[in-house]
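Okay, structure first, notes after.
The values are calculated or read from the model by the stated rules, or taken from the named source; none is laboratory data. All values derive from a computational prediction rather than experimental measurement. Glycine also receives a Cβ, built like all others from the backbone with ideal geometry; neighbour counts cover every protein chain displayed.
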Amino acid sequence: MKPTIPTANVSAKQTDKTGQFKSSKKSASYVPDLQQSFKQSAQIYQLFTLLCPSIKSASTNSLLSFLPNADQSNTSEELNFLVLEQTPHTSLIQLFCQGIELVWMQPLVLDVRLYHDVQMAEVFRCQGQSIQQGVYSYPNPKMLAPDEKNQQNEFLLGWISQLYAAISSPLMQSESIFSKF
């Protein structure tokens, strides 16, 4: 006795014009939450201006270096903010680390665009790769997540929030932790 193989009972309503099976479930696509994105961008801008009050008037190629381990003289780790471009209403800042040797990973480099007129900021480029769209189809040639822009802005917000919290602590305020523009 041969075992019977169950077959799907596909009605005409479940197939398209070519006879291919159509899924009755629609795939949920990512829809950005604009209100949340605007709030996040405003928070990033606010933290940048708290960390670097003179960022709006800094000249191109100005460098701000944060020394997170200023109390440990044997380390040379720095987080740098380099002004790449300065216009009346925007600034392009590059964030990069120096003195960190990682064999398994490239040092992180983020380019952040600050919009002074609306007091917002966003990741413009990550590791040299521009993020232009708010939503990407998936899969795509660069394998970017559908919400890539949101994830990068969220990462930046977390990163500079941690930096601000570290330099705002009473212990760090007593140390010389950064050089100004």
Taking the range 109-145, which residues are within 16 Å of LEU156 (Cα to Cα), part of a loop (DSSP other than H, G, I, E, B), out of contact with any Lys or Arg (no Cβ under 6 Å at 6 or more places or on another chain) and not polar (S, T, N, Q)? GLY128
Pairs returned, first residue in the range 118-129 that is within 17 Å of PHE48 (Cα to Cα), second residue that is modelled with pLDDT under 90 and among the charged types (D, E, K, R), beta-carbon separation under 9 angstrom, 6 or more apart or interchain, are GLU122/LYS149; VAL123/LYS149
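Of the residues that make up the range 86-99, is at least one assigned to a helix (DSSP H, G or I), loosely packed, with under 10 Cβ neighbours inside 10 Å and modelled with pLDDT of 85 or more?
Taking the range 86-99 first, the residues assigned to a helix (DSSP H, G or I) are none.
No, there is no match, as no residue in the range 86-99 is assigned to a helix (DSSP H, G or I), loosely packed, with under 10 Cβ neighbours inside 10 Å and modelled with pLDDT of 85 or more.
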The lone exception for PRO107 - which of (1) modelled with pLDDT under 90; (2) within 22 Å of GLN43 (Cβ to Cβ) it fails: (2)
Mind telling me which of the residues GLN152, GLN162, GLN106 ends up being in a helix (DSSP H, G or I) and surrounded by fewer than 19 Cβ atoms within 10 Å (Cβ to Cβ)? GLN162
Report whether or not LEU67 is in contact with a Leu (Cβ under 7 Å, 6 or more places away or on another chain), surrounded by 14 or more Cβ atoms within 10 Å (Cβ to Cβ) and modelled with pLDDT under 90. no
Of the residues in the range 25-64 that are charged (D, E, K, R) and either surrounded by 15 or more Cβ atoms within 10 Å (Cβ to Cβ) or within 13 Å of LEU157 (Cα to Cα) (or both), the one that is modelled with the highest pLDDT is LYS39
